[in-house]
2 protein chains.
Amino acid sequence: MLLPELTIQLPEWVSEYIEQSSNTFVTIEDRMDFVIELSRKNIEQQTGGPFGAAVFDVDGRLIAPGVNMVIPSNCSILHAEMVAIALAQKVLGRFDISDGGKYNFDLFTTTEPCAMCFGAIPWSGVRRLICGAGKKDAESIGFDEGPKIENWTQALSDRGIDVICDVQREKAVSVLNDYIKYDGWIYNPNSKT
Amino acid sequence: MLLPELTIQLPEWVSEYIEQSSNTFVTIEDRMDFVIELSRKNIEQQTGGPFGAAVFDVDGRLIAPGVNMVIPSNCSILHAEMVAIALAQKVLGRFDISDGGKYNFDLFTTTEPCAMCFGAIPWSGVRRLICGAGKKDAESIGFDEGPKIENWTQALSDRGIDVICDVQREKAVSVLNDYIKYDGWIYNPNSKT
């Protein structure tokens with residue numbers, strides 16, 4: 001039997017965007033601006049949903065970016081956070097990017113993680129999560145965040161992962177709203193619009 | 001910038017195993033036996049953790065198998081269920097394998113899903129989840145199931161996904177126990193053994 005396989009491959013425009021970006025992302029707002037622009041370009045280029053993410057080291061060096069690729073890849077697991085986590089692990093050559101707690105890496109995401117991405121975070125080795133828009137912002141345009149525990153920030157904190165919310169939230173929300181203006185597909189199962 | 005990419009590629013032995021297996025998996029026990037044997041071979045061949053999964057159609061035809069590949073792929077998102085979901089979507093050419101509710105597919109997993117895989121299930125389009133071993137069985141050998149809501153089977157049921165637990169549980173548990181005998185690595189972050 002010829003086994004199926006799937007390659008997680010970022011859209012080509014990501015390479016050019018990174019080359020044109022600053023080499024240093026000094027503040028967490030700078031880093032969030034970078035991932036918000038990823039989400040904006042992702043809808044402008046029509047390469048996926050209105051979500052971006054990235055793993056940075058503590059000095060603000062980009063380790064790996066991620067964008068939502070559910071529709072073009074025909075793959076429901078390819079949310080921006082999952083892509084950024086998988087590719088950061090590929091770059092660093094380890095499935096626990098903290099390497100047993102020795103290194104600190106941050107996951108930035110333009111919108112609070114859904115139930116799947118939330119569940120993926122403790123396995124990734126990231127030590128901090130920084131979010132732009134929140135669950136209500138995603139839900140307000142029709143996206144479903146899934147069955148996530150109520151006290152999700154506390155649950156991550158209990159596992160040594162700090163969470164910072166609402167960083168550049170208005171900018172992140174503006175991309176979600178623009179996705180609707182562009183007639184973007186809200187791709188929850190059974191809710192094609 | 002040369003963008004990182006990652007290919008989700010099953011171990012080579014999976015092809016031979018499928019060719020040697022029955023073409024028809026009549027009962028849910030037959031289908032669970034198939035995925036339990038996937039998990040057993042995965043530890044014997046040392047190609048990952050003691051977990052297997054597969055997507056089947058309602059007539060028992062195999063759509064795509066999955067095995068845990070966290071360690072060999074250096075990728076924490078490659079749990080067996082995630083691999084089976086992603087590859088089934090690749091085979092069928094759609095991110096919602098139910099295609100808006102028109103088709104019924106089952107996800108079989110040798111052990112109750114962790115928080116990440118649980119969160120991934122509503123996005124996949126599978127209409128039924130069948131589990132072998134349970135959370136306590138995984139935890140008894142040291143695996144961490146993550147912060148999952150208490151009433152997870154009800155949460156899936158509320159989304160139209162039926163859950164059947166404890167199918168061939170003893171056989172599934174025997175693979176978990178054998179993993180420990182083989183001195184398998186319990187690879188939760190910060191808990192190398």
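Where a number appears in this text, it was derived from the coordinates with a stated rule and is not lab data. None of these values were measured; they are calculated from a predicted model. Every residue, glycine among them, receives a Cβ derived from its backbone with ideal geometry; neighbour counts consider all protein chains shown.
Distances in nm, one decimal, shortest first, from residue B:158 to the same residue in every other copy, taking the label point 7 angstrom along Cα→Cβ.
Result, one decimal in nm: 1.9.
Given label points at 7 Å from Cα along Cα→Cβ, what nm distances, shortest first, separate residue B:44 from the same residue in every other copy?
Spelled out, the distances from residue B:44's label point are 5.5 nm.
Within 10 Å of each candidate Cβ there may be at most 13 other Cβ atoms; applying that plus a DSSP loop requirement, which trypsin sites (Lys or Arg not before Pro) in the range A:1-90 survive?
Passing both the DSSP loop test and the Cβ count: A:61.
What percent do you get for the relative contact order of chain A when only Cα pairs under 8 Å and 6+ apart count?
Taking the mean separation of contacting Cα pairs over the length of chain A, I get 18 percent.
Taking H as built 1.01 Å from N, whose amide H comes closer than 5 Å to the amide H of residue B:165, not counting residues under 5 places away?
Amide H to amide H, under 5 Å and 5 or more residues apart or across chains, residue B:165 pairs with B:131.
Could you work out the relative contact order of the range A:76-176? I mean the mean sequence separation of Cα pairs under 8 Å and 6+ apart, divided by the number of residues, in percent.
27 percent.
Using only alpha-carbon positions, what ratio does the radius of gyration of chain A give when scaled by 2.2 N^0.38 Å?
Rounded to two decimals, the normalised Rg is 0.96.
Roughly what would the spin-label model give for residue B:164 and residue B:140, points 7 Å off Cα along C-beta, in nm?
2.3
In Å and on Cα atoms, what radius of gyration and Dmax does the range A:90-193 show?
15.1, 46
May I ask for the distance between the Cα centers of the range B:106-125 and the range B:1-60, given as a whole number of Å?
15
What residues have an amide H closer than 5 Å to that of residue A:112, excluding those fewer than 5 places away on the same chain, when H is modeled at 1.01 Å from N in the peptide plane?
Sorted by chain and number, the residues that satisfy this are A:132, A:133, A:134, A:135.
What number, rounded to the nearest 500 deg cm²/dmol, is the helix-based mean residue ellipticity at 222 nm of chain A, given -39500 (n - 2.57) per DSSP H run of at least four residues and division by all its residues?
-12000 deg cm²/dmol
Hey, what's the Kirkwood Rh for the protein assembly as shown if you take every pair of different alpha carbons, in angstrom?
Computed over the protein assembly as shown, the radius equals 20.7 Å.
Could you calculate the contour length gain from residue B:19 to residue B:99, that is, 0.36 nm times the residue separation minus the distance between their Cα atoms, to one decimal place in nm?
Contour length minus the Cα-Cα distance gives 26.0 nm.
Along the range A:129-140, what does the Karplus equation 6.51 cos²θ - 1.76 cosθ + 1.60 (θ = phi - 60°) give for ³J(HN,Hα), rounded to whole Hz, x for Gly and Pro?
Residue by residue, the range A:129-140 yields 10, 10, 10, x, 6, x, 3, 5, 5, 5, 5, 5 Hz.
Using each residue's phi in the range A:153-167, evaluate 6.51 cos²θ - 1.76 cosθ + 1.60 at θ = phi - 60° and report the 3J(HN,Hα) Karplus result to the nearest Hz, with x for Gly and Pro.
Once rounded to whole Hz, the list reads 5, 5, 4, 6, 4, 4, 9, x, 10, 6, 10, 10, 10, 6, 7.
At 7 angstrom along the Cα-to-beta-carbon line, where would the label on residue B:140 sit relative to the other copies? Give the distances in nm, shortest first.
With the label placed 7 Å along Cα→Cβ, residue B:140 yields 4.9 nm.
Where both residues lie in the protein assembly as shown, what percent of DSSP beta bridges are antiparallel, nearest 5?
60
Of all beta bridges DSSP finds with both residues in chain A, what is the antiparallel percent, to the nearest 5?
55
Run through the DSSP bridge list for the range A:56-148 and note the antiparallel percent, rounded to the nearest 5.
Antiparallel bridges: around 40 percent, rounded to the nearest 5.
So who's got an amide H within less than 5 Å of the one on residue B:51, skipping anything under 5 residues away but keeping other chains? H placed 1.01 Å off N, in plane.
B:68
Could you work out how much longer the chain between residue B:27 and residue B:3 gets when fully extended? Use 0.36 nm per residue separation minus the Cα distance between them, nm to one decimal.
My answer for the length gained is 4.2 nm.
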